[in-house]
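What follows is a short report on a single structure.
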Amino acid sequence: MLYALHEMQRALLSPYTYLAEAGSRIFSEAGSLYSHLPGASHLAAEFELAYRIGKDYEKPEFELARLRAHNAEIAILQRTVIETPFCRLLRFKRFSDDANCINALKDDPTVLVVAPLSGHHSTLLRDTVRTLLADHKVYITDWTDARMVPTSEGNFSLNDYIDTICTFIRHIGARKLHVISVCQPTVPVLAAVSLMASRGEDTPLSLTMMGGPIDPRKNPTQVNSLAATKPLSWFSTNLIHRVPPNYPGNGRRVYPGFLQHAGFIAMNPDRHFQSHWEFYQDLVRGDQDDAESHRRFYNEYNAVLDMDAEYYLDTIETVFQKHLLPKGEWFVHDERVAPEAIRHSALMTIEGELDDISGLGQTEAAQALCRGIPKSAKKHMVVEGAGHYGIFSGRRWREQVYPKVREFIRAHQPASPSAATPAARSRRNPR
């Protein structure tokens, strides 16, 4: 019922939202007579602020068409490698017409970035992907908005998430793959690789886990406390709703994106209010650079997706209430998740000093759980002054975190045949 009321409110307000957009243009466009009236900049700013607060935010694009790699300009082609009802495996294929660059691109390590399924779209990791593409072949999980999946496709559980990761790793090839998981997926990724190791399958060359709740009992945050103090029935009753008829997923039980967004805002209301106030002042002053920066951030931040109810409730119970992974009591398809079975994957854990979503020590807990990995193949990093988003996006990610991640991956990348000397290649491949 709440979802249907939300859609009704959205439909009723949409004409006013469009009028607000028109008003902002009328009082700001250089060719408009009204833009020269006294107080026009204030009116334009008020209209645009009203428009951005009321508008719908669609899933953004990655917009990664060109960048520099190996001292050359390269083109990027995004393509779908595998598509399931609930996820797509995307690859960012790199192209160049420079011979030296082409050879270097071939030798770059292959990375699978596992994006969070926790409200935002995978494009939240745009900066992560853009930075990685300079030195790596990059794949990423692109999770589907559950309201767009017909009920005929069935539900999506935490076990299904793990199965999806296993499928993607096998498809790419574990022997040549490095996996980076950001936030929420650190838990299912560790489970997936643990199960593969227990079955005797190849596992990735390295695992990099960033800001995730491997053991949320350590330094619990506000997010952890809410999940731990409310019974599962509270989440099911108050947060789970059915998708209304105007979407393909009509009738599917989901945790709606608009409720998740309200929760994000409620965590730091003062910060968001201040950000919008500064945006208004930037518009009045005509500071378009700062205003555009605000638009870009909130275009991403306000674009949210629905999560299938089964997956969301599974995660709350398994990860945040019963803590089955760190206790060693987690079973997936009747197989115990045993991180100690991982022996041939290097492990790097990364945490932000000021992370208010996954507290210090929660991700590092993977180091003790993966006791089968040699100490020489383990690394832990705490990023001073960084919050949750700072470890995978922005200046700290690019200047402090990424160089360490790149170095770690390279250290565990097998030597490439093309990197050998001509004499060595001749010995291996006699004509």
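The values are calculated or read from the model by the stated rules, or taken from the named source; none is laboratory data. Being a predicted model, the structure only gives us computed values, none of them experimental. As a convention, Cβ positions derive from the backbone with ideal geometry for all residues, glycine included, and neighbour counts pool all protein chains shown.
For segment 224-265, taking the residues that are β-branched (Val, Ile, Thr) and part of a helix (DSSP H, G or I), the one that is modelled with the lowest pLDDT is identified as ILE265.
Of all residues in segment 178-204, those satisfying the criterion of being polar (S, T, N, Q) and in a loop (DSSP other than H, G, I, E, B) are GLN184, THR203.
Residue-by-condition table, conditions (1) farther than 25 Å from THR208 by Cα; (2) outside any helix (DSSP H, G or I); (3) not assigned by TED's automatic domain parsing to the domain that holds ALA191:
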{"residue": "ASP290", "(1), (2), (3)": "yes, no, yes"}
{"residue": "SER293", "(1), (2), (3)": "yes, no, yes"}
{"residue": "LEU313", "(1), (2), (3)": "yes, no, no"}
{"residue": "GLU329", "(1), (2), (3)": "no, yes, no"}
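Applying the set (1) part of a helix (DSSP H, G or I); (2) in contact with a helix residue (DSSP H, G or I) (Cβ under 7 Å, 6 or more places away or on another chain); (3) at pLDDT below 95 to PRO60 leaves exactly one unmet item: (1). Beta carbons closer than 7 Å, at least 6 apart along the sequence or on distinct chains, pair a first residue in segment 30-48 that is without any contact (Cβ under 8 Å) to a residue 12 or more places away in the chain with a second that is surrounded by 14 or more Cβ atoms within 10 Å (Cβ to Cβ) for SER32/ILE26; TYR34/ILE26; TYR34/PHE27; TYR34/ALA40; SER35/PHE27; SER35/SER28.
If you go through segment 1-32 and keep only what is small (Gly, Ala, Ser), under 21 Å from GLU48 (Cβ atoms) and under 34 Å from the mean Cα position of the chain (by Cα), you end up with SER14, ALA20, ALA22, SER24. Among the candidates ARG52, ARG66, ARG79, the residue that is surrounded by 11 or more Cβ atoms within 10 Å (Cβ to Cβ) and of a type in the set (D, E, K, R) is uniquely ARG52. The listed residues are HIS136, HIS121, and the only one of them that is in contact (Cβ under 8 Å) with a residue 24 or more places away in the chain and within 14 Å of the chain's Cα centre (by Cα) turns out to be HIS121. Residues of segment 77-101 that are over 18 Å from THR167 (Cβ atoms) and charged (D, E, K, R): LYS93, ARG94, ASP97, ASP98.
Conditions tested, residue by residue: (1) over 22 Å from the mean Cα position of the chain (by Cα); (2) modelled with pLDDT of 95 or more; (3) within 20 Å of CYS370 (Cα to Cα); (4) not assigned by TED's automatic domain parsing to the domain that holds SER393.
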{"position": "MET148", "(1), (2), (3), (4)": "no, yes, no, no"}
{"position": "GLU153", "(1), (2), (3), (4)": "yes, yes, no, no"}
{"position": "LEU158", "(1), (2), (3), (4)": "no, yes, no, no"}
{"position": "ILE165", "(1), (2), (3), (4)": "no, yes, yes, no"}
{"position": "PRO185", "(1), (2), (3), (4)": "no, yes, yes, no"}
{"position": "ASP202", "(1), (2), (3), (4)": "yes, yes, yes, no"}
{"position": "ILE214", "(1), (2), (3), (4)": "no, yes, yes, no"}
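Going through ALA303, ALA346, ALA309, ALA366 one at a time, which residue ends up being modelled with pLDDT of 95 or more, in contact with a strand residue (DSSP E or B) (Cβ under 9 Å, 6 or more places away or on another chain) and under 20 Å from GLY263 (Cα atoms)? Break it down into steps so the answer makes sense when it comes.
Values: ALA303 fails: modelled with pLDDT of 95 or more; ALA346 fails: under 20 Å from GLY263 (Cα atoms); ALA366 fails: under 20 Å from GLY263 (Cα atoms).
Only one candidate passes the filter, namely ALA309.
Any residue that is surrounded by fewer than 17 Cβ atoms within 10 Å (Cβ to Cβ), in a helix (DSSP H, G or I) and touching a residue at least 24 places away in the same chain (Cβ under 8 Å) - is there at least one of those in segment 352-371? The answer is no, given that none of the residues of segment 352-371 is surrounded by fewer than 17 Cβ atoms within 10 Å (Cβ to Cβ), in a helix (DSSP H, G or I) and touching a residue at least 24 places away in the same chain (Cβ under 8 Å). Counting only residues that are farther than 11 Å from PHE320 by Cα and either of a type in the set (Val, Ile, Thr) or crowded, with 16+ Cβ neighbours inside 10 Å (or both), segment 200-217 holds 11 of them. Residue pairs whose Cβ atoms lie under 7 Å apart, sitting 6 or more positions apart in sequence or on different chains, and linking a residue in segment 266-282 that is outside any loop (DSSP other than H, G, I, E, B) to a partner that is acidic (Asp, Glu), are ASP282/ASP290. Within segment 302-310, the presence of a residue that is closer than 28 Å to GLY361 by Cα, surrounded by fewer than 17 Cβ atoms within 10 Å (Cβ to Cβ) and not hydroxyl-bearing (Ser, Thr, Tyr) is excluded.
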